[in-house]
Each structure stands twice: as structure tokens, then as C-alpha cells.
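Written below as C-alpha cells is the structure these notes are about.
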Amino acid sequence: MTKKSRNLLINIFGGTIVALLTGGIVAFIAIIYILNQYGKDLPDYSQLAEYEPAIISRIYAGDGSLLAEYAKQKRLYIPISAVPPQVIHAYLSAEDKNFYTHGGLDYLGLMRAVITNIKNSFTGRGKVGASTITQQVAKNFLLSGIQTYERKIKEAILTYRIEKAFSKDQILELYLNENYLGYGSYGIAAAALGYFNKPIDQLELEEIAYLAALPKAPGNYHPVRNYERAVGRRNWVLKRMYVEGYISQQEKLTAQSKPLITASRDKTRTFKAEYFTEEVRRELKSMFGSQELYEGGLFVRTSLSPDFQIIAERELRKGLLAYDRRHGWRGPITRISLEDDPSLLEQMESLNAVIERDIPLGFNNWELALVTDVNDENAFILLSDGGRGRIGLNEVKWARKWKKKEYLGPRIKKVGEVLVAGAVIIVEKISAQKNGFEEIEVAGAYNLRQIPEINGSLVAMDPHTGRVMAMVGGFDYKRSEYNRATQAKRQPGSAFKPFVYAVALENGFTPSSLILDAPFVIEQGYGLGKWKPQNSSNKFYGASTLRLGLEKSRNLMTVRLAQYLQMDGIVEIAERMNIIEDMPDVLSMALGAGETTLLKLTSAYGMIVNGGKEITPTLIDRIQDRQGKTVFRHDQRQCQGCQLQEWQYQTEPEIPDVRRRVLDPVTSYQMVSMLEGVVQRGTGIRIKTLGKPFAGKTGTSNDSFDTWFIGFSPDLVVGVFVGFDKPRSLGKREEGASVAVPIFRDFMQAATKNTPVIPFRIPQGVRLVRVNPKTGQIATAGERNTILEAFRQGSFPTKEGEVLDGINSLVQTKTKLRTGTGGIY
């Protein structure tokens, strides 16, 4: 090589080095500039350390059944330590096989993606990505999803910073809990339940692989709409797991051969108790606010008993339907012209869609039907699914025409008097009819049904704690969300009377004290005329015992007693028992003219049977936050010695009773005994057939606008209310005894079916004396039809008694009872 050539090579080589150095310096400066420029205003990645995603709040019944979930994003947070290894392996195989070895950016994977995308640009295939799990965390948590070079630079910077600040397990935990995986599910725990109705630790291999196939584009791999593509992607994940050594070839082949089967979307996974659950939701929102309720991951254990709830819904609906059938047929839903119309079935289908918003057709297998032809004995119907059937004369005999004020039209002799061709009605299939002692199948036979206008509510409660064990706020929640147990303020009528009588017992009266049942007239004020209350029978019965007045629900005795006691004490007990606040001190209030809710009144009766201790109705037992910390507990009592690890023959710990006393225990038991008499001999006598210790009181407001029965066993208090939402009379001869009592009776029969018979508990200070129930006097030897009366120690009836006979007057009598009016009163 010549000198000239050597010099030329040196110059070229030197120039190259200089150029490379210069280029390197420029590139270094450029990189520093870019990192500095794009790293200035990046989101604070340290916030990931305090990451608390929006997760589901879940409401549970007392037995652990799921009642409801509330969430803006359906997510269940699961720590990485609880994620099964096979789930982690599946996601790493599908998304980032080098996750635990790279520093946030997978340069080898990036180069492969670049080469693949160059090839794909010539073949027309789509681009592939090379984002690591850390990059996806940076994008999902801190950046937008818009694909720009600027965002990718910021993503790389944040990825580097996140890798330095967090462990790999922490990053993976964030990733597995944040991603949207379709089916309304965020995070793998929610997705496992959403797709397969399983907790994550019970998933099969093929199910795990499918979930790992979803992060990139869950909509593209929908298990129904895109079944083939979904299976293909799942099988690709299984192949990747085999390549990475996580599963054997046999496991791969077995899993790939299985069909992709997801849980039915409409499969019921919750126990339905809508009125109860909505009341809980409102209470939670009031306590914690909307954001905490829908994003805070609250764990709420309620007092609901699913067994009692099922009975309550069934018996309330049955009672409302029974009342409705007694009062006739209000006509079809609508009518369709049958002339020259071949599209009847299409009309029926469209009607179904419209009507289901207002009518609970799914209830008790009710369905819509069109009457196509009618004769004297049958109506022939077309069902919305195209099926055919008939309604016989016996099935419409109840459907006498409804008239105003709940009167009925003439008796039904022909089907055509009820139904005509073209009528759209609600029917229920008759599965079997009784023939003697056997049930026989009836083909194509249907009953005529009608949605009742009447409505009502039922509450069942533990009288010792106030825990609400069942609540039904109406006939059907879909038809009306208005909760008549907690929101409807109605007049309790005679169901308020026990508290008037309790005031009398507190003021020296006994159950055998005599009150005059005679006309009562009082001036109401200038221009208002006279107030003349009456008994429901419009009769007068003379001097009667306090017990008899309550058992027979005598208005005149009650108002005369209230006048003597003065209304201040009655107003006070209404507030003390949390029935009515600021009740006017007028005599009509003693007959239940004030307004209260079923929940409040049922709670007050609970305080009678529990021995006079205050209880607060509660639907929630305990609330825990997302970390499991208890943030609310209904029972605030502290138990010393309950947390010991083992029993070493130590004394059983005593839990203090911190309930405030609202009634004297003797007074409470006297009221229990008198209310038991209502069931044995009075207005609640229909309940007597159950043969168990039950007590309670009917209630009927003026003109039968509101009907009630509130009653109890020793350990269960139940309230029933029935009335129209727009108050009007339930009709002649309808009252608490005919409407509410059967619902209470049937509920109690089912609810206490398998419970032992327990008598009402008698406290110290009570003396039981056998008396004549009509006179209240001590029974003579051999006297029949006597009862054991509850007296306070030191008080018992004598042969000479007093009769409450007028304004502030007690009239002395000998052996013969006075039956006069005592002057103008």
C-alpha cells in the first residue's frame, strides 16, 4: 500500500470516528433532551403505591347469600399472593414471557415485533405490539390510550421509573386487577365470576387460558358472538404455556380439545329481596356517600333470613290476591281487533314488551294471552309463544264485575259474561287439579289472573335485637319500588290501642279493671260539631274489663280511658316507643288516628314482648371496608372473655344488656297476656288454629282505609299492612281481621313450623290469678271458662270494684256491675 493510500485510509477512518463520536454526542444530547423534555410533566407514578381501585360493594344476607352488588366498575381486588400460580403463568405466557427478567422494556421482544411488522406490511396482516406488562400498567394507570410517538416516549420513561420503585409482584398485582376483560368485569377475580361463575382458585386450565387471552381486545374474543376466534386465541395461550414449560403436552392437548363454556349471563347468582336490598342501599348511601358505596368495596352483612323472606313474599302476595279476587274483575288489559289480521302473534309479542314494564308477568308463571273465541263453557286463548289453551267456567266464576266502593256485580253463569274475543288478559297454567285425593294433569287449561290494585307490606323482626329478618314492601318491586313498610305513613287504627292500655297499667289499672262501654260525645270546638266515636259493631256493652276492651277492640272504652288518663301520657308513650313524633294531644289519636310506618309499629310491639327493652330496627349487622376493618356494627356491646383461644373450664362470659328500659317488665307481660287474649278470644281468633303461643292486635282505620295486624311469638314479631296506595275504603266488612290476619297467620305457620313451642316468658313480680274473663272477678270454685289473669304483686281483684264511668270518675260498685251511661257520657 502506498503512503498516499495509507494516508487516505487514515483520513477516512479518522473522519468516521469523529463523525461517530459527534453523532453519538448529538444522540446522547438528544436523548437527554427528550428525556428531560418529556419527563417534566409526567404523572406522579408514586401514587400507584396508594392505588385503591373502584371495586364492588357487596351486600350479603344473614346466611351469607349474596343479595346485591353495587359498582361503577365491576371489580374484585385480589392480592398477588392469592392468585394461583397457573393464572400467573398463563398471563406471562400470553403477555410478557420475560417479565421477571427484563427491566421494564423488552428489547428482544421489541426487535421481534419490528421485524414481524415489516413482514406483515407486505402480507397485509395487522401489526403486533411489544408492550411489556409494566408498559401496560404505565399506560392504563397514568396515560391515555391514544397511539402517538409522544405517548410511547412518556410510557417508556414511566416504565423505567415504575420498575425502579416497585417490585415485580407489585406491578403484576396492579396489572391483574386493573384490566377490563369484558362482560362488565374489571380484573381477573371479577372476570372469573362473570364468565364462569367461579372463584379464581376453582378455574380449570382451559378457563384460565381463556381469561389470559382477553386483555388485548376482549370484544374480539366474545365467547358467544366470536366463538371460533375466542377458542383459537385460548388455544394459542395454551400453546404458549406449553412452550414456556408451564404445562405438559398432554395437558395442552386435553385443554385445547374442550369446548368454551361460559356461565349463563342471566343465571341467578343472587338472592332476590329487592325491597330489603334497596332499603339497605339507601342506608349505606346516607352513611358513606355514593362514591364509597359504588367504589369503596364495602362488605355488608345484613340481618335478612332468606327462608323468612321467601315465606313473607309468598304469603303477602297470596293475601293480596285473595282480597283482590273477593272484589271482582276489573276487565282485560286491552282489546285487539280480530278481523282480517294475520299478525296476531306479532301484536302479542309487541304487547308483551310494552306491558312487562308495568305488569310482573314472570310472577308465578303468569303470561299474556289473547282470547280468540268464547262460548258458554270455555274461552279459547292464544299465548304469546304461539301456544293454545282454554279457560273454563269454573276458572272465571270469581270474576264478577267490580263496582265502585268494592261492590260486586251479579254471579257468573257463562264465560261470555266475563271474556270476549279480542280481550288481552293474564293467565296462569293449571298444572294439576284435585280429583278426590289425587292430582291429575289438565292439558291446556288456564286460570284467569289479575294484578291486584291493593297493596301492602310485611316485616318480620327479632324482638330482642331489632334485626329485620324479612321485609316485603309491596306486591311486586318491578311494578312499584315504593316501600310500604318504611315509606308509607298510614293510620294504625286499633293497632295503636295497646299503648293506651299500657299507660293505664302504668297508672294503677289492672287487666281486670272495669271501663264503661257506652255512648261517648264531646264538643270539638266552635263550629266543629260533636265528636261521637262508635264501636265497629255500633253496639254498647256496658262495663267491661280492660282485657275485654282490648280483645274485642272497643273504641268507646279506649277513648273513655284515654280521656281519664289524659292525652299527655299517651303522647309520651308514642314518642318513647318511637311510634309517632309530636303526636297531637287529641282523643282521636288514642284510636290510632295518627300516622306511622309498619316498621316503627312492628318495632314497638317488639318492645312489648321482649320485656320492655328499647330496640332499634336494623337491616345491617356489620360493615367492613376493603381492608376488612369493621367500620359499623349494630351490636355495640363489648364481651370480655369472648376472644380466648380455648376453653379451660372458665366461667361463661356474660354479655351486658345495655338496652334502655321503656316499659316496666310487669306491664310488658300484662300487655303480652292481654294481646294473647286477642288471638284466643278476640279479633285475631283466626290465628288460634295454629295451636302455638301467639299474640297481637288488629288495626282498621276509619272506613277501612288501612288494615293491620301486628303480632308476635316469644322470639319473633311480625307486622302486616294492607291498603290502597291512593287511600280508599277496602269495602264493607273488610278489616284487619279479614285482610291482614290471614297473612300473619300463614306466615307464622310456615316460619315457626320447625321451631319448638315456647311459652311467653313471665318476669318476676307477676302473680297469675284465675278470674272470670267477663267480670274480672276472682273465679269461684268449679266455675267454667275462666282464665289466668296477670296481676302485679300486691294487686288483685276484690269483690268490690270500680267502673270508669265518665270524665275523671271512678264509680264504686258492689257485686253487680253498673251498665248505665254515667250522665251524658
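The values are calculated or read from the model by the stated rules, or taken from the named source; none is laboratory data. Every value quoted in this text rests on a predicted model; they were computed, and no experiment measured them. Cβ sites come from the backbone with ideal geometry, for glycine too, and all protein chains shown count toward neighbours. SASA here: full protein model, heavy atoms, side chains in, ligands and nucleic acids out. Shrake-Rupley method; radii C 1.70, N 1.55, O 1.52, S 1.80 Å.
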Conditions: (1) open to solvent by 80 Å² or more (accessible area, probe 1.4 Å); (2) touching a Leu at 6+ places or on another chain (Cβ under 9 Å). Residue 369 meets all but one. Number of the miss? (1)
Cβ pairs under 7 Å, 6+ apart, first in the range 567-581 and under 16 Å from residue 593 (Cα atoms) and assigned to a loop (DSSP other than H, G, I, E, B), second open to solvent by less than 20 Å² (accessible area, probe 1.4 Å) and of a type in the set (Val, Ile, Thr): 579/596; 580/596
In the set 427, 418, 374, the lone residue that is buried (at least 18 other Cβ atoms within 10 Å of the Cβ), modelled with pLDDT of 90 or more and over 24 Å from residue 452 (Cβ atoms) is 374
Conditions (1) at pLDDT below 75; (2) among the polar types (S, T, N, Q); (3) open to solvent by less than 40 Å² (accessible area, probe 1.4 Å); number of the one not met by residue 136: (1)
Inspect all residues belonging to the range 457-474 and state whether any of them is in contact with a Gly (Cβ under 9 Å, 6 or more places away or on another chain), polar (S, T, N, Q), surrounded by fewer than 21 Cβ atoms within 10 Å (Cβ to Cβ) and farther than 30 Å from residue 789 by Cα. no
Looking only at residues that are open to solvent by less than 10 Å² (accessible area, probe 1.4 Å) and part of a loop (DSSP other than H, G, I, E, B) in the range 477-531, which one is nearest to residue 682 (Cα to Cα)? 511
Among the numbered conditions (1) within 30 Å of the chain's Cα centre (by Cα); (2) within 20 Å of residue 715 (Cβ to Cβ); (3) among the small types (Gly, Ala, Ser), tell me where residue 668 comes up short. (1)
Contact list, first residue from the range 516-529 and at pLDDT below 90, second anywhere and assigned to a strand (DSSP E or B) and of a type outside the set (D, E, K, R), beta-carbon distance below 7 Å, six or more apart or interchain, is 522/531; 524/531
Is it the case that some residue within the range 70-91 is out of contact with any Cys (no Cβ under 8 Å at 6 or more places or on another chain), under 21 Å from residue 182 (Cα atoms) and either free of Cβ contacts under 8 Å to residues at least 24 places away in the same chain or acidic (Asp, Glu) (or both)? no
Just a yes or no: is a residue in the range 321-334 closer than 18 Å to residue 422 by Cβ, in contact with a Lys or Arg (Cβ under 9 Å, 6 or more places away or on another chain), open to solvent by less than 30 Å² (accessible area, probe 1.4 Å) and at pLDDT 90 or above? yes
Verdict on residue 275 being in a helix (DSSP H, G or I) and touching a Gly at 6+ places or on another chain (Cβ under 9 Å): yes
Residues within the range 239-264 that are outside any helix (DSSP H, G or I) and open to solvent by 70 Å² or more (accessible area, probe 1.4 Å), tallied: 4
If I ask for residues that are closer than 18 Å to residue 473 by Cα and of a type in the set (Asp, Glu), which ones from the range 713-747 would you list? 725, 746
Residue under question is residue 713, and the condition is that it be over 19 Å from residue 320 (Cβ atoms) and modelled with pLDDT under 95; does it hold? no
Scan (1) touching a residue at least 12 places away in the same chain (Cβ under 8 Å); (2) polar (S, T, N, Q); (3) open to solvent by 40 Å² or more (accessible area, probe 1.4 Å) for the single condition residue 603 breaks and write down its number. (3)
Segments classed as helices (runs of 4 or more DSSP H), wholly inside the range 164-224, with at least 1 members that are in contact (Cβ under 8 Å) with a residue 60 or more places away in the chain and more than 23 Å from residue 69 (Cβ to Cβ): 168-178, 205-212
Are any residues in the range 192-221 farther than 13 Å from residue 91 by Cβ and in contact with a Gly (Cβ under 7 Å, 6 or more places away or on another chain), and if so, which ones? 194, 218, 219
Of the numbered conditions (1) of a type in the set (Lys, Arg); (2) modelled with pLDDT under 95; (3) more than 18 Å from the chain's Cα centre (by Cα), residue 489 satisfies every one except a single condition; which is it? (2)
Hey, does the range 336-356 have a residue that's closer than 30 Å to residue 742 by Cα and modelled with pLDDT under 90? yes
In the list 689, 630, 651, which residue meets the criterion of being free of Cβ contacts under 8 Å to residues at least 12 places away in the same chain, more than 24 Å from residue 604 (Cα to Cα), open to solvent by 50 Å² or more (accessible area, probe 1.4 Å) and in contact with a Lys or Arg (Cβ under 9 Å, 6 or more places away or on another chain)? 630
Against the definition (surrounded by fewer than 19 Cβ atoms within 10 Å (Cβ to Cβ), without any contact (Cβ under 8 Å) to a residue 40 or more places away in the chain and within 25 Å of residue 533 (Cβ to Cβ)), how does residue 681 come out, yes or no? no
Within the bounds of the range 656-663, is there any residue that is open to solvent by less than 10 Å² (accessible area, probe 1.4 Å), aliphatic (A, V, I, L, M) and outside any strand (DSSP E or B)? yes
Which condition does residue 733 not pass, out of (1) open to solvent by 20 Å² or more (accessible area, probe 1.4 Å); (2) modelled with pLDDT of 95 or more; (3) in a loop (DSSP other than H, G, I, E, B), if it passes all the others? (2)
Mind listing whichever residues of the range 618-653 are touching a strand residue (DSSP E or B) at 6+ places or on another chain (Cβ under 6 Å) and in a loop (DSSP other than H, G, I, E, B)? 619, 625, 634
